[in-house]
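Student: Take a look at the following structure, please.
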Amino acid sequence: MSLAGAVRVYPESAFLHAGRGGHLIDVTKAPFFAKGDGLHDDTDALKMALRFAKEFTRVAHEPGGAVGGSPRRDTNWTVYLPKGTYLVSDTVSYGWPTTAMSLRYGWRQVGYVRIESEASEQRLRELNRQRPKGTPPLFDAEINWNIRIIGESRDETVIRLKDHASGFGSGAEKPVISYHLTSRGSNVNYGNMLEGLTIDVGDGNPGAVGVKWSSSNYGAIRDVTVRGKGQIGVNMPISNACGYFRDLLIEGFGTGLRQRAGHESTLTVEYVKVKNAGFGVRVEGGACGGDLMNLRRVELENVKTNLVVLKGTGARATWRDCPFAADSRPPLVAAEEAPAPQWPALDEVATPEEFGAVGDGLHDDTAAIQRAMDCGKSAVYFMRPAYAIEGTVVIPAAVTLVDGLYSGVVRHRTGREEAMFRLAGDQAPRFEIRRLYVVGAKLVDHVSPREAYVSDVFVEFPQGRHAATTADFFFPGTFERNDVQWYAYRNASPSVRKRVFADNCVGFCAQAEPGTTNYLENVDLFARAINNERGRGGTAAYAMKDCRAWIFGAKSELCRVSVDLIDSVLDLSGFNYLNWDPSDFPEAPVIQALRSQYAIDGFFWKTQSAQPIVSRDLNGKGGVRDRLAADFPKVDGENGFEVNIRSPEP
């Protein structure tokens with residue numbers, strides 16, 4: 001469960017400075033040259049590395065369609081800090097100028113605004129306030145996605161703010177690390193990660209914030225310590241805050257965790273300790289209300305006020321197994337603890353490049369990846385930004401880890417039924433696959449009885465799939481928008497029951513047409529922070545048959561039926577369901593169940609009907625039983641409602 005003691009080391013070929021196509025940026029190497037000795041000021045070096053990484057993640061926009069933050073196929077950077085103490089005197093960010101989307105003409109004609117400085121943003125904000133009523137803002141979502149910072153070791157990689165640093169006085173609310181610059185926020189800034197280090201706000205900095213973070217749809221802070229006598233440990237002041245916080249220690253702040261990011265936010269927080277603080281956790285609701293924070297195994301030690309959920313703001317929290325309060329409802333399915341990620345020694349790691357992979361997202365690397373799998377090593381790491389996998393790679397029993405390091409995997413030829421990877425090996429140890437961006441296919445077909453763990457996987461949204469494959473962006477070429485065939489996991493031999501863990505995934509399972517066979521089938525699932533979005537064409541976001549599932553923190557958006565159950569048991573806590581378009585599915589239920597049991601709580605923002613159907617039970621003897629939104633408390637005026645619902649007795 002605990003990530004403590006993890007050491008993240010990678011082959012030399014994974015790094016930019018090695019000149020072999022790697023996509024990790026070592027901040028101590030050229031051209032950044034951070035010292036990490038606790039004496040020299042490394043602020044500029046760290047900012048330069050983040051700026052470099054951000055500049056190569058561009059917007060992929062399809063005219064007349066969607067917008068997304070797809071990495072380029074030849075650049076896809078992660079900033080890496082080796083062991084050391086990195087002294088800083090100012091906020092570490094990618095720095096001004098920044099770029100934001102302009103939605104003056106809507107999502108069908110997205111423009112872009114360059115914002116030179118904080119003063120420039122203030123002028124734009126003033127113009128926004130002066131605009132005629134009913135007109136859209138001059139700028140909206142900041143382009144700040146796929147910002148990834150990884151330290152080698154939580155205990156031995158430290159970013160430390162200089163004592164009595166300028167600008168960090170009382171009430172300043174100024175961050176040591178910042179993932180955004182503007183105050184407008186974003187609902188498309190996915191994939192922002194922080195992992196494996198300590199942030200120390202130093203002495204004499206009472207207005208310091210350890211981390212100012214935002215991410216949409218998925219993102220993470222994991223295996224991180226934030227310490228010092230500052231204002232806030234981890235702050236999420238603007239939209240959005242979606243993802244998974246795991247194994248954090250926050251010590252010595254006025255407030256440990258603070259969230260006020262808005263109604264598309266669904267944050268899952270687990271194995272976290274806040275100590276020696278004024279407030280442990282504050283959930284305050286953003287400008288649109290509806291912040292949702294899901295707390296499990298959160299410890300509060302020597303904290304004056306444990307949990308604050310501000311009334312009247314739309315803020316809400318669920319909690320399980322927290323010593324400061326009884327569970328907010330009894331469980332229907334017992335939780336199982338999240339697996340500890342693997343961090344093998346380098347002599348146990350193989351790379352596809354050793355066996356001839358090109359890793360450019362164009363050439364078919366299936367055979368080279370298969371040779372890496374068959375070499376006898378226990379782990380396979382992907383070193384380059386993108387790999388084309390036109391066939392299916394069989395994962396043998398000897399391999400227990402595939403780590404993409406946020407590489408992309410693509411299949412250019414559509415129509416192949418088999419996934420990119422096939423998990424084999426009877427009675428083999430648990431298999432883990434993580435940190436991959438998926439375009440063009442299913443990721444894993446689970447065939448063997450071995451347990452699987454899927455983490456940090458992003459399957460491109462249906463509405464962004466053409467944009468992500470345009471020239472100069474992630475992969476060139478023309479792709480079909482195949483909504484049901486792109487997803488992370490399938491039980492490909494449903495006659496054999498599987499055990500699966502998942503966290504921080506977009507597009508984990510198939511989005512099925514209700515009544516068809518395209519369901520997650522015969523699986524015991526334990527999932528945290530998963531997001532199935534945009535099941536257009538009448539699909540169900542979470543479709544399960546003969547499953548027993550425990551899900552803590554989930555989101556879905558724009559789908560006819562969000563949860564479709566057949567002969568299944570589902571315990572879903574912290575569920576955020578959004579449906580914005582009034583023309584979409586006005587009579588569809590959010591939950592549909594046949595011979596199934598469920599317990600679900602969270603927010604439903606279903607704006608297309610004055611009386612949306614929350615649940616429809618098709619359990620036979622009692623006939624069809626519908627429950628409407630009117631049965632539940634409203635949140636944020638007319639736009640949403642708060643749901644805590646259990647299936648009726650058969």
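The values are calculated or read from the model by the stated rules, or taken from the named source; none is laboratory data. Since the model is a prediction, treat every value here as computed from it, not as a measurement. Note that we place each Cβ from the backbone using ideal geometry, even for glycine, and neighbour counts take in every protein chain shown. Only protein heavy atoms, including side chains, enter the accessible area calculation; ligands, DNA and RNA are left aside. Shrake-Rupley method; radii C 1.70, N 1.55, O 1.52, S 1.80 Å.
Student: Please label the shape of the stretch 230-301 as rounded, prolate or oblate, based on the square roots a ≥ b ≥ c of the eigenvalues of the alpha-carbon gyration tensor (a/c under 1.5 means rounded; beyond that, a/b larger than b/c means prolate, else oblate).
Tutor: Here the stretch 230-301 falls in the oblate category.
Student: Suppose R0 equals 25 Å. What FRET efficiency, 1/(1 + (r/R0)^6) with r the Cβ-Cβ distance, do LEU618 and ARG329 give to the nearest 0.05? Write down the numbers at each step before the final one.
Tutor: Details: r = 24 Å, r/R0 = 0.95.
According to the calculation, E is roughly 0.55.
Student: Given R₀ = 60 Å, FRET efficiency for SER120-ARG20 by Cβ-Cβ distance, to 0.05? Walk me through the numbers on the way to the answer.
Tutor: Working: r = 40 Å, r/R0 = 0.66.
Once rounded, the FRET efficiency stands at 0.90.
Student: Ordered by residue, what ³J(HN,Hα) values in Hz, to whole numbers, does the stretch 213-227 give under the Karplus form 6.51 cos²θ - 1.76 cosθ + 1.60, where θ = phi - 60° and Gly and Pro are x?
Tutor: 10, 8, 6, 10, 6, 7, x, 7, 10, 9, 6, 10, 10, 10, 9
Student: Once the whole set of protein chains is in place, how much accessible area is left on HIS40, using a 1.4 Å probe, in Å² to the nearest 10?
Tutor: About 90 Å², ignoring ligands and nucleic acids.
Student: With the contact rule set at Cα under 8 Å and sequence spacing of 6 or more, what percent relative contact order holds for the chain? Display every interim value, and only then the final one.
Tutor: Details: 2036 pairs, mean separation 53.0, N = 650.
Once normalised by length, the contact order is 8 percent.
Student: Sticking with this structure for a sec: Roughly what % of DSSP beta bridges within the chain run antiparallel, to the nearest 5? Walk me through the numbers before you get to the answer.
Tutor: Numbers: 24 of 192 bridges.
Roughly 10 percent of the DSSP beta bridges within the chain come out antiparallel.
Student: In deg cm²/dmol, rounded to 500, what helix-only [θ] at 222 nm does the chain give when every DSSP H run of at least 4 residues adds -39500 (n - 2.57) and the total is split over its residues?
Tutor: On the way: 3 runs with 34 residues, N = 650.
One gets -1500 deg cm²/dmol as the mean residue ellipticity at 222 nm.
Student: Related question: Ordering GLU118, GLU195 by accessible area with a probe of 1.4 Å, largest first, what comes out? It would help to have the intermediate numbers written out before the result.
Tutor: Values: GLU118 105, GLU195 10 Å².
Greatest to least solvent exposure: GLU118, GLU195.
Student: I'd like the FRET efficiency for GLU418 and ASP631, computed as 1/(1 + (r/R0)^6) with the beta carbon distance as r and R0 of 56 Å, rounded to 0.05.
Tutor: Values: r = 44 Å, r/R0 = 0.79.
In this case the efficiency is close to 0.80.
Student: To one decimal place, what Kirkwood hydrodynamic radius in Å is obtained for the stretch 321-388 from all pairs of distinct Cα atoms? Write down the numbers at each step before the final one.
Tutor: Details: mean 1/r = 0.0657 Å⁻¹.
Hydrodynamic radius (Kirkwood, Cα pairs) of the stretch 321-388 is 15.2 Å.
Student: Skipping prolines and chain starts, which residues have an amide H placed within reach, meaning under 5 Å, of the one on LEU578, given they are 5 or more residues away or on another chain?
Tutor: Counting only residues 5 or more places away or on other chains, the set is SER556, GLU557, LEU558, TRP605.
Student: Separate question: Taking amide hydrogens as modeled 1.01 Å from N in the peptide plane, which residues meet the under 5 Å criterion relative to ASN192, leaving out close sequence neighbours?
Tutor: Amide H neighbours of ASN192, under 5 Å, 5+ apart: ASN146, ILE147, SER216, ALA220.
Student: Additional query: Rounded to a whole number, what % of the accessible area of the stretch 102-178 do carbon and sulfur atoms account for, probe 1.4 Å?
Tutor: That share works out to 46 percent.
Student: Between GLY204 and residues 5 or more places away or on another chain, which pairs have amide H atoms under 5 Å apart, with H built 1.01 Å from N, and which residues are they?
Tutor: Here HIS164 satisfy the definition.
Student: In addition: Which links in LYS47/LYS212; LYS54/LYS212; LYS35/LYS162; LYS275/LYS304; LYS442/LYS498; LYS229/LYS311 stretch past 19 Å when you go from one Cα to the other?
Tutor: On the way: LYS47/LYS212 15 Å; LYS54/LYS212 17 Å; LYS35/LYS162 15 Å; LYS275/LYS304 10 Å; LYS442/LYS498 17 Å; LYS229/LYS311 28 Å.
Pairs exceeding 19 Å: LYS229/LYS311.
Student: Under the Kirkwood approximation for Rh and a Cα-based Rg, what ratio Rg/Rh is obtained for the chain? Display every interim value, and only then the final one.
Tutor: Working: Rg = 23.4 Å, Rh = 24.8 Å.
Using only Cα positions, Rg/Rh for the chain is 0.94.
Student: Now a separate question. Please list 3J(HN,Hα) in residue order for the stretch 339-351, calculated via the Karplus relation 6.51 cos²θ - 1.76 cosθ + 1.60 where θ = phi - 60°; whole Hz, with x for glycine and proline.
Tutor: x, 7, x, 8, 9, x, 5, 4, 6, 9, 10, 10, 10
Student: Moving on to the next point. Measure off 7 Å from each Cα along the Cα-to-Cβ vector at CYS375 and LYS229, then give the distance between these two points in nanometres to one decimal.
Tutor: 5.3
Student: Put VAL308, VAL523 in order of accessible area, largest first, 1.4 Å probe: what do you get?
Tutor: Numbers: VAL308 25, VAL523 0 Å².
Solvent-accessible surface, decreasing: VAL308, VAL523.
Student: In whole Hz, what ³J(HN,Hα) sequence does the stretch 184-197 give by Karplus (6.51, -1.76, 1.60; θ = phi - 60°), x for Gly and Pro?
Tutor: Once rounded to whole Hz, the list reads 8, x, 7, 10, 10, 8, 7, x, 8, 10, 9, 7, x, 7.
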